1. Being outside any strand (DSSP E or B) and within 21 Å of the chain's Cα centre (by Cα) is the filter here; which residues of region 255-271 pass it?
2. Within region 287-305, track down each residue that is among the hydroxyl-bearing types (Ser, Thr, Tyr) and out of contact with any Ser or Thr (no Cβ under 9 Å at 6 or more places or on another chain).
3. So if I check each of Val96, Val77, Val72, which one is at negative phi and in contact with a Lys or Arg (Cβ under 7 Å, 6 or more places away or on another chain)?
4. In region 70-79, is there at least one residue being part of a loop (DSSP other than H, G, I, E, B), more than 19 Å from the chain's Cα centre (by Cα) and either at pLDDT 95 or above or of a type outside the set (Phe, Trp, Tyr) (or both)?
5. I'd like the full set of residues that are under 24 Å from Gln243 (Cβ atoms) and either open to solvent by 60 Å² or more (accessible area, probe 1.4 Å) or of a type in the set (S, T, N, Q) (or both), limited to region 274-300.
6. Listed residues Val174, Val161, Val121; which is out of contact with any helix residue (DSSP H, G or I) (no Cβ under 9 Å at 6 or more places or on another chain), open to solvent by 10 Å² or more (accessible area, probe 1.4 Å) and without any contact (Cβ under 8 Å) to a residue 60 or more places away in the chain?
7. Please specify each residue of region 337-367 satisfying the condition of being within 18 Å of Ala116 (Cα to Cα) and either open to solvent by 10 Å² or more (accessible area, probe 1.4 Å) or not aromatic (Phe, Trp, Tyr) (or both).
8. Name the residues in region 64-87 that are out of contact with any strand residue (DSSP E or B) (no Cβ under 8 Å at 6 or more places or on another chain) and either charged (D, E, K, R) or open to solvent by 70 Å² or more (accessible area, probe 1.4 Å) (or both), would you?
Amino acid sequence: MGREKTWGTGIVGAGGWGGLAHIPALSALEAYELKAVTGTQINSARTAAERHGIGSYYTNTSEMAVQPGIDVVVVAVKVPEHDHLLREALGAGKHVFSEWPLARTTSEAEALLELAKEQGVQHVAGLQARGNPTVRYIRDLIVQGDIGRVLAVNAIVTLPVFPTLNGTVDLAHVYLLDEANGADQLTIGAAHVLDAIEYMVAPFVEVSGTLDTQFPEVSVLETGKTVTSNAPDHVLISGKLAQNALVSAQFVNAGAPGFTLRIIGSEGEMVISPRDHLMFQMDRLKLQIVRASGEAEILETPGEYTTKVQNIPPGPAHNVAHLYALFEQRLNGEEVELPDFIHALRAHRLLDAIRCAAASGTRQEVK
């Protein structure tokens, strides 16, 4: 049986994360044909098209989106631009892939979901840990009771270069220091891990937390100027999941880079750590299972979880490619679970509950 369709794709933002992750991911999959790119300036758009072998380039997302050969529009630029760019793509009736965070605020995310529903298109948000084959394998192991009933989840994540490195930041990432832009340690560093916990184990039902800005003044590397920050760079939370497991998680803008995630059950525990020395959502992950007897074993993810994506090397594109493979199934009419705008809105509401808990000092219900 032949492939149902090759999906013509246009990408908004080929520099930064778009060029680092999305374009290599799309290029690795036969289901997508990258036909167009949109940039802020004509020269940069042309350069990106030439560099990546893309046939057309634009400086206007609406103009790109209405082209008949474009089925899917990818928005891979900074979060403050997501709302109006996604509206242009959705207004043209195109399927959309939005990088995470979906929007600056929950109200923006709600409106984007409603517009996508009205247009009757498919949508996915870049919570790419859900595309990670090892994360999906862990979820299945937990469902089948491999470590018994999950009692606790513990995460410690150290990110000394995000968003600031020893009180410094480069120009490209100054926007991370303004909480209003919706891109910071809570919405990126923490959110990807918390969403994966919900996916692998169960949704949060209660949460409390502390948010702090431990680098309130930051030096810009290129200029030497000092800028102020009001975005959280240290996140500490505790909570309860729907099946009564308790969670503790800490995200620190310091220390040796890395993470450890422990999922502790009545009959053993899973220890998840970096395989590629990348941020959690980018890493392929190393999985160790420790039985109640103390016996430990490294588990490799079975091939059935990876067969849809071949020849994708470790790195930023790896889990994004697997997410695109799941999106292809959804585009072809298959029932498949992936992080669409509904899941993204859920994640935004979880972050709201954490903010409210931190501001009030009281535990919040997560609906």
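The values are calculated or read from the model by the stated rules, or taken from the named source; none is laboratory data. Given the structure is predicted, the values throughout are model-derived calculations rather than measurements. Cβ coordinates were reconstructed from backbone atoms using ideal geometry, including for glycine residues, and neighbour counts include every protein chain displayed. Areas reflect the complete protein model, heavy atoms only, side chains present, ligands, DNA and RNA absent. Shrake-Rupley method; radii C 1.70, N 1.55, O 1.52, S 1.80 Å.
1. Of everything in region 255-271, just one residue is outside any strand (DSSP E or B) and within 21 Å of the chain's Cα centre (by Cα), namely Pro257.
2. Matches in region 287-305: Ser293 only.
3. Val72
4. Within region 70-79, one or more residues are part of a loop (DSSP other than H, G, I, E, B), more than 19 Å from the chain's Cα centre (by Cα) and either at pLDDT 95 or above or of a type outside the set (Phe, Trp, Tyr) (or both).
5. Gln281, Gln288, Arg291, Ala292
6. Val174
7. Across region 337-367, the qualifying residues are Glu337, Leu338, Pro339, Asp340, Ile342, His343, Ala344, Leu345, Arg346, Ala347, His348.
8. Val66, Pro68, Lys78, Asp83, His84, Arg87
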